[in-house]
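Every read-out reported here was derived from the displayed coordinates using simple, explicitly stated rules and does not represent laboratory data. All figures in this text were calculated on a predicted structure; none of them were measured in a lab. Positions of Cβ are generated from backbone atoms using ideal geometry, with glycine treated the same way; all protein chains shown enter the neighbour counts.
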Amino acid sequence: MVRAVERRDYRSHEMDNLFMVPSLQEIVDLMYYLKITKNREYIKATTIPGLYIEIKYPVYYAANGIDMTKELFEFLKKNNLETVQKATDNGIPIIIQSFYESEL
């Protein structure tokens, strides 16, 4: 896990490194774990948790040599979630959002 750090100098850094931010892989691993162990029943979950992923600033990343859409697709493929059917079959519903229509 990474730790949250305020990126703006004019804001308080009092909380820097205090909070841990899980990676997307850690979140997917947890969701698979909950599905396998049926811990959803233990916590009395009435809905199936899913992922709501936003592709942010693809133009910025592209200018720095990173294709965020391709990276996200490769990540989903690695986790067997790259199609609606596979995500549904694996019990992890996914919504992908971008304000850049070309990325969808």
Relative contact order for the range 2-103 using alpha-carbon pairs under 8 Å, separation at least 6, rounded to a whole percent?
-> 26
By counting other Cβ atoms within 10 Å of each Cβ, how are MET68, MET20 ranked from fewest to most?
-> MET20, MET68
If amide H atoms are modeled at 1.01 Å from N in the peptide plane, then the residues at a separation of 5 or more from ILE94, or on another chain, having amide H under 5 Å from its own are LEU51
Excluding residues fewer than 8 positions from LYS70 in its own chain, the aspartates and glutamates with Cα under 18 Å of it are GLU54, GLU82, GLU101, GLU103
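Would you calculate a helix-derived [θ] at 222 nm for the chain, using -39,500 (n - 2.57) for each DSSP H run of n ≥ 4 and dividing by the full residue count, to the nearest 500? Each step should come with its number before you reach the end.
Details: 5 runs with 41 residues, N = 104.
For the chain, the value works out to -10500 deg cm²/dmol.
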Cross-link partners among aspartates and glutamates for LYS35, C-alpha distance below 17 Å, same-chain residues fewer than 8 apart left out?
-> GLU26, ASP89
In sequence order, calculated HN-Hα J values of the range 93-104 (Karplus, 6.51, -1.76, 1.60; Hz; x Gly/Pro) = x, 10, 10, 10, 10, 7, 7, 9, 3, 5, 7, 8
Fully extended, how many nm does the chain gain between VAL5 and THR37 (0.36 nm per residue separation, minus their Cα-Cα distance)?
-> 8.2 nm
